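Comments concern the structure below.
None of the figures in this text is laboratory data; all of them are computed from the coordinates on show. All figures in this text were calculated on a predicted structure; none of them were measured in a lab. For neighbour counting, all protein chains shown are included, and Cβ atoms are generated from backbone atoms with ideal geometry for every residue, glycine included.
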Amino acid sequence: MMKLFTLLILFATVTIPSTGNGEEPFQLGVAQSERAQGQFFVVKVTGSHTEPELRFMDRSFRMFHQPNGSWRALLPVENLAQPGSWKLLVRQGVYEKSLTLRVIPNNRPLQQITLDTTKRALKATETELTKVKAALHTETPEQLFAGRFMRPAAGETSSLFGLKRSYNGGPVESYHKGIDISAPKGTPVISTAKGRVVLTGRVEEGFQVHGNTVIIDHGQGVTSIYMHLSAITVSEGELVEAGTVIGKVGHTGISTAPHLHWGTYLYGTSVDPELFEGKSL
Ligand SMILES: [Zn+2]
C-alpha cells in the first residue's frame, strides 16, 4: 500500500508543467526589414500554439496559421505612409517581442489626368464605395492562393501603382491603387490566383466610377480587384482557379480608354500588384 502511494506522488510530480502557465516564448522574424511605400513585409512567428497579437503602424493585424505550424502576416505599407522607422510589436500571452522596420519613400511621380465633362461629373455612389470597401477587407483564414500569381490580362502596363493623382489640374486627392493594363475591349480577364468571388458590381447597380467590377478573396487577407470591365462572366460565391476567365476588358466607369485596372490588397490596403505577378507567396 505504501509503495503504491509513493508511485502516485512521483507520477504527479513529473507531470506538472515546469512553466506553470502553459505559455512559452516564440520566435519572430521578417523576410526584409526595409520596404518602400506600397510594398509589404512578410512577418513570421514560430513556436506559438495560439494566434499571436500583432501591431504595426497603429493597427492590429490578424496572423494566419500556416501548414508548418507557424503564423504569418503580409503587412501592407500604405502608399502615403510616413517614411522612417516603425515598431512591429508581437505579443503572445505573457511574452512580447518587437522589431524595428524601415519604410522608405517610393518616389512615384504626380500624374495629371484630364477627364471630359461627362466622366468628370460621375461621382462614386454610396453603394459602390460601401460594397467595394467591405469586399476588399475580407479576411478568410484559409489560404486559397497557391503557386505563382498571374498577370490578369495580356497588354502593356500603361499606368503604374502609387502615382499621385490630380484631376483636370486640381489638387492631389488620391493615388493610383493598382496598375492599368492597356488592352482592346473584349480581351479576356483572368483571376490572378485561386480564390472566391466576393463581389460583382455593375454600372446599372450603381458602380458609376469603378464600372463593372469583380473582387476576389484569395484568403489570409489577400484580395484582388478588376475594374472597368465590358462583361463579367462569374457570379458571387463562385470558386475560381488562377487563370479562370472572370470577364472582359472594357472602359465602363471612370476610364478614358479600354484598359484593365488591376489592384491587389492586403487587409484592405492597396499594395503594388507587380510585387505579386509571377511570384509565389
Ligand atoms: Zn487604374
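Over region 24-104, what portion of Cα pair distances is larger than 21 Å, expressed as a whole percent?
When all Cα pairs of region 24-104 are counted, 23 percent exceed 21 Å.
Taking H as built 1.01 Å from N, whose amide H comes closer than 5 Å to the amide H of LEU281, not counting residues under 5 places away?
GLY147
If Lys and Arg each add +1 and Asp and Glu each add -1, what is the summed charge of the other residues whose beta carbon sits under 11 Å from the beta carbon of ALA231?
Within the 11 Å Cβ shell, the charges total +3.
Choose one answer from GLY38, GLY178, GLY93: the residue with the largest mean-square fluctuation in a GNM of the chain with alpha-carbon springs under 10 Å.
Between GLY38, GLY178, GLY93, it is GLY93 that shows the largest mean-square fluctuation.
Using a 10 angstrom cutoff on alpha carbons, build the Gaussian network for the chain and name the most mobile of VAL222, VAL94, VAL42.
Highest fluctuation of the listed residues: VAL94.
Around GLN208, which amide H atoms from residues at least 5 apart in sequence, or from another chain, sit under 5 Å from its own amide H, with H modelled in the peptide plane?
HN-HN under 5 Å from GLN208: THR125.
If r is the Cβ-Cβ distance from GLU53 to GLU142 and R0 is 22 Å, what FRET efficiency results, to the nearest 0.05?
Here the calculated transfer efficiency is 0.60.
Enter the per residue convex hull volume of the chain, computed from alpha-carbon coordinates, in Å³ rounded to the nearest integer.
Expressed per residue, the convex hull around the Cα atoms of the chain is 155 Å³.
Pairs of lysines 8 or more apart, or on different chains, with alpha carbons under 18 Å: count those in region 126-275, would you?
Value for region 126-275: 4.
By a straight-distance test (C-alpha under 19 Å), which aspartates and glutamates pair with LYS97 as possible cross-link partners, with residues fewer than eight away in the same chain excluded?
Once the sequence-local aspartates and glutamates are set aside, what remains near LYS97 is GLU23, GLU24, GLU34, GLU51, GLU53, ASP58.
In region 126-210, which trypsin sites (Lys or Arg not before Pro) are in a loop and have at most 16 other Cβ atoms within 10 Å, using DSSP for the loop call?
For trypsin sites (Lys or Arg not before Pro) across region 126-210 that sit outside H, G, I, E and B with at most 16 neighbouring Cβ atoms in 10 Å, the list reads LYS185, ARG202.
For labels at VAL42 and GLU236 in the simple 7 Å Cα→Cβ model, what's the distance in nm?
According to this spin-label approximation, the distance is 3.4 nm.
Return the sequence-ordered ³J(HN,Hα) values of region 176-187 in whole Hz as given by the Karplus equation 6.51 cos²θ - 1.76 cosθ + 1.60 applied to θ = phi - 60°, using x for Gly and Pro.
Computed from phi, the couplings for region 176-187 are 7, 8, x, 10, 9, 10, 7, 7, x, 4, x, 4 Hz.
Tell me, what ³J(HN,Hα) does each residue in region 95-105 have, in order and in whole Hz, if you take phi through Karplus 6.51 cos²θ - 1.76 cosθ + 1.60 with θ = phi - 60° and put x for Gly and Pro?
My calculation for region 95-105 gives 9, 9, 9, 9, 9, 9, 10, 10, 10, 10, x Hz in order.
Loop only by DSSP, 13 or fewer other Cβ within 10 Å of the Cβ. Give me the trypsin sites (Lys or Arg not before Pro) in region 52-126 that pass, ordered by residue number.
The qualifying sites are LYS123.
Under a point spin-label approximation (7 Å from Cα along Cα-to-Cβ), what is the LEU129-ALA257 distance to one decimal in nm?
Distance between label points: 3.1 nm.
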